[in-house]
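Colleague: Encoded as structure tokens, here's the structure I'll be asking about.
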Amino acid sequence: MLADARQKFLVNFWNTGKGMIALGILSAVYFGIFGAVWAVTGEMTRWGGEFLELFGMDLSSYSYYTKQNLNGTPLTRTDGLMLIGMFIGALVAALWANKVKFRLPASKIRIFQAIVGGLLSGFGARLAFGCNLANFFTGLPYFSMHTWIFTIFMIAGIYVGVKVCNMLFFKPKAKLEKLQINAESLHIEQNTSRQTRHFVYGILIFLGFIAWFIYLILNNPALDVTIKQSLLSVALLFGFIFGFVISRAQVCFTSCFRDLFLFGRSIATNGAIIGMIIASLIAFAFMLYGHQAKVIEMSLGVVVGAFLFGFGIVFAGGCECGWAYRACEGQVHFMIVGIANILGTMILALSYDFFPQSFVGGVKLNLLEEYGSMLGFGISLMFFAIMLGLVLAYKRYFFKTNPYAKISMKG
């Protein structure tokens, strides 16, 4: 019985669509507690800035780093502990599932894609002040119109990225080899000692996480949602859960539209949309009681940043969530993507003051404030319905124009 439960929940992959829905609900609860959306690239930008400061660089004259607020450290910021918790959760999930294995990139072209795609996605995300978390999955449910602008141009970037990556030059070169097939060659021997060893490693790291969590509670016993410093333990816990779910459900937001364009597969897309609709219902309730979501200007920076981000995540092979859990599985390609991603945020932050005003300034529009609570909420739901309808329409078009597609319409 215990072995079956372990296989089902810790080894087998979870349904991606259901994972998306669970993350939508969790992110809305996170918003209710912290008054901020689940986001990662903002904190990664701070990590990049702090790396530069280690080498004595003065960042006080760079407006972008001033906006990002480099006060404190990753261990004293809720965003920092949440992000660290994500990596711990993803690593523990990968170890318990025996998925950790050091793997080098398949080819030199893949290394090139990891570097270029990572740089573009990091640069684009920060130019638009958010990636496909803050400006899509945990952005659309919070009624800022800039997130819909971001989504449209991110999808355009993903579509172009799919077309470019489908070019013969970027396709992996397969080499056919003749093998002698016999009963012995078909036998796959499972390395049970490695599986047990990894499971124990996962338990040890998990126990270390629990000890850290308890330490933070004991040092900040009075939990107060108005004082973020008292919520460090909660941030670490949410990060762990986010990372664990992402790893087990193999959640990479790149797949939402990339798989739709490539294979007509909409499991991730439908799950994301349903998750966002549920999140918007929960967020709306919180906002009626005074919570305020971040509203960003609709600018050329959002448009260009979204397109670069969308193209970059496809070219690299994964978004921030995708490269995070895959890097924890030992895939060197995605470690390179992650490093390049943070470098991209650094390049944007250091060059931001040279951008024209049209890139950095614009109009803010909150649907609830502009049209009233109920009408603004209704408009948001209408946008989600249109998005879902367009996904279904494209899926039908895909299978109508690709009659030999070998994927079930149920996908």
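Colleague: Between GLU370 and TYR289, what length comes free when the chain is fully extended (0.36 nm per residue of separation minus the Cα-Cα distance, one decimal in nm)?
Modeller: Gain on stretching GLU370 to TYR289: 27.4 nm.
Colleague: Let me ask something additional. Classify segment 104-171 as rounded, prolate or oblate from the Cα gyration tensor: take a ≥ b ≥ c as the square roots of its eigenvalues, call it rounded if a/c is under 1.5, otherwise prolate when a/b beats b/c and oblate if not.
Modeller: Judged from the Cα gyration tensor, segment 104-171 comes out prolate (a/c at least 1.5, a/b above b/c).
Colleague: How much of PHE153 can a 1.4 Å solvent probe reach, expressed as accessible area in Å² and rounded to 10?
Modeller: 80 Å²
Colleague: Could you derive backbone 3J(HN,Hα) for segment 121-130 from the dihedral phi with the Karplus parameters 6.51, -1.76 and 1.60 (θ = phi - 60°), listing whole Hz in sequence and x where the residue is Gly or Pro?
Modeller: So the J values, rounded to whole Hz, are 5, x, 4, x, 4, 7, 5, 8, 6, x.
Colleague: If you don't mind, another one. Roughly how many whole Å is it from the C-alpha centroid of segment 348-376 to that of segment 15-59?
Modeller: Between the Cα centres of segment 348-376 and segment 15-59 lies a distance of 20 Å.
Colleague: Then there is this: Could you compute the FRET efficiency for ALA3 and LEU392, with r as their C-beta to C-beta distance and R0 at 41 Å, rounded to 0.05?
Modeller: 0.55
Colleague: Stretched out fully, how many nm does the piece from MET382 to LYS163 gain, at 0.36 nm a residue minus the Cα gap? Please list the in-between numbers first.
Modeller: Details: separation 219, 0.36 × 219 = 78.84 nm, distance 2.98 nm.
Full-extension gain reported as 75.9 nm.
Colleague: Same structure again: For the modelled label position 7 Å from the Cα of TRP47 along Cα-to-Cβ, which residues of segment 88-108 have backbone nitrogen atoms closer than 12 Å?
Modeller: Residues 88 qualify, since their backbone N sits under 12 Å from the label point.
Colleague: With the Cα gyration tensor of segment 324-411 giving a ≥ b ≥ c as the square roots of its eigenvalues, does the rule (a/c under 1.5 for rounded; else a/b larger than b/c for prolate; else oblate) give rounded, prolate or oblate?
Modeller: oblate
Colleague: Sticking with this one: When ligands, DNA and RNA are left out and all protein chains stay put, how many square angstrom of accessible area per residue does the chain have with a 1.4 Å probe?
Modeller: 48 Å²
Colleague: Largest first, how would TRP96, TRP14, TRP38 line up by accessible area (1.4 Å probe)?
Modeller: Descending order: TRP14, TRP96, TRP38.
Colleague: In whole Hz, with x marking every Gly and Pro, tabulate ³J(HN,Hα) for segment 36-53 from phi via Karplus 6.51 cos²θ - 1.76 cosθ + 1.60, θ = phi - 60°.
Modeller: In residue order, the calculated couplings are 9, 7, 5, 8, 10, 5, x, 5, 4, 5, 5, 4, x, x, 5, 5, 5, 5 Hz.
Colleague: Then there's this: Could you please state how large a percent of the accessible area of the chain is carbon and sulfur, counting protein chains only and using a 1.4 Å probe?
Modeller: Working: 13500 of 19830 Å².
About 68 percent, which is the carbon plus sulfur part of the accessible surface.
Colleague: Out of residues 5 or more away from GLN331 or on other chains, whose amide H comes under 5 Å of its own, with H placed 1.01 Å from N in the peptide plane?
Modeller: For GLN331, whose amide H was placed from the backbone, the distant partners under 5 Å are ARG103.
Colleague: Heavy atoms only, probe 1.4 angstrom, no DNA, RNA or ligands counted: give me THR76, THR16, THR192, THR345 ranked by accessible area, highest first. Write down the numbers at each step before the final one.
Modeller: Working: THR76 60, THR16 30, THR192 85, THR345 0 Å².
Final ranking, largest accessible area leading: THR192, THR76, THR16, THR345.
Colleague: Follow-up question, since we're still on this one. Is there a quick way to get the dipole size of the chain? I mean about its Cα centre, with the Cβ of Lys and Arg at +1 and of Asp and Glu at -1; what is the value in debye to the nearest 20?
Modeller: 1580 debye
Colleague: With a 1.4 Å probe and every protein chain left in place, tell me how much accessible area MET145 has, in Å² to the nearest 10.
Modeller: MET145 has an accessible surface of roughly 40 Å² with all protein chains in place.
Colleague: Taking a threshold of 30 Å on the Cα-Cα distance, which of the pairs LYS18/LYS395; LYS99/LYS171; LYS108/LYS395; LYS67/LYS101 fall above it?
Modeller: Over 30 Å apart, Cα to Cα: LYS108/LYS395; LYS67/LYS101.
Colleague: To continue, here is another question. Decide, for segment 1-122, between rounded, prolate and oblate: order the square roots of the alpha carbon gyration tensor eigenvalues as a ≥ b ≥ c, take rounded if a/c falls under 1.5, and otherwise choose prolate if a/b is larger than b/c, else oblate.
Modeller: Oblate.
Colleague: Now for a different question. Which residue, chosen from ASN135, ASN69, VAL245, occupies the Cα position most advanced towards the positive end of the dipole of the chain, where the dipole is computed from +1 (Lys, Arg) and -1 (Asp, Glu) charges on Cβ about the Cα centre?
Modeller: Among ASN135, ASN69, VAL245, the one farthest towards the positive end of the dipole of the chain is VAL245.
Colleague: Okay, helix-only estimate at 222 nm for the chain: each DSSP H run of n ≥ 4 adds -39500 (n - 2.57), divide by all residues, round to 500 deg cm²/dmol; what do you get?
Modeller: Result for the chain: -21500 deg cm²/dmol, rounded to the nearest 500.
Colleague: Can you tell which of PHE315, ALA349, LEU281 lies farthest toward the positive end of the dipole of the chain, using +1 and -1 charges on the Cβ of basic and acidic side chains (Lys, Arg; Asp, Glu)?
Modeller: Sorting the options by dipole projection puts first PHE315.
Colleague: Also: For the chain, modelled as a GNM with alpha-carbon contacts under 10 angstrom, which of ASN98, ASN166, ASN15 fluctuates the most?
Modeller: Evaluated over the chain, the most mobile residue of the options is ASN166.
Colleague: Could you calculate the FRET efficiency of GLN357 with THR192 from 1/(1 + (r/R0)^6), where r is the beta carbon distance between them and R0 is 41 Å, rounded to 0.05?
Modeller: Approximately 0.05, to the nearest 0.05.
The values are calculated or read from the model by the stated rules, or taken from the named source; none is laboratory data. These figures come from a predicted structure and were not determined experimentally. Don't worry about glycine lacking a Cβ; one is built from the backbone with ideal geometry, like all the others, and counts go over all protein chains shown. These area figures cover heavy atoms from the full protein model, side chains too; ligands, DNA and RNA do not enter into them. Shrake-Rupley method; radii C 1.70, N 1.55, O 1.52, S 1.80 Å.
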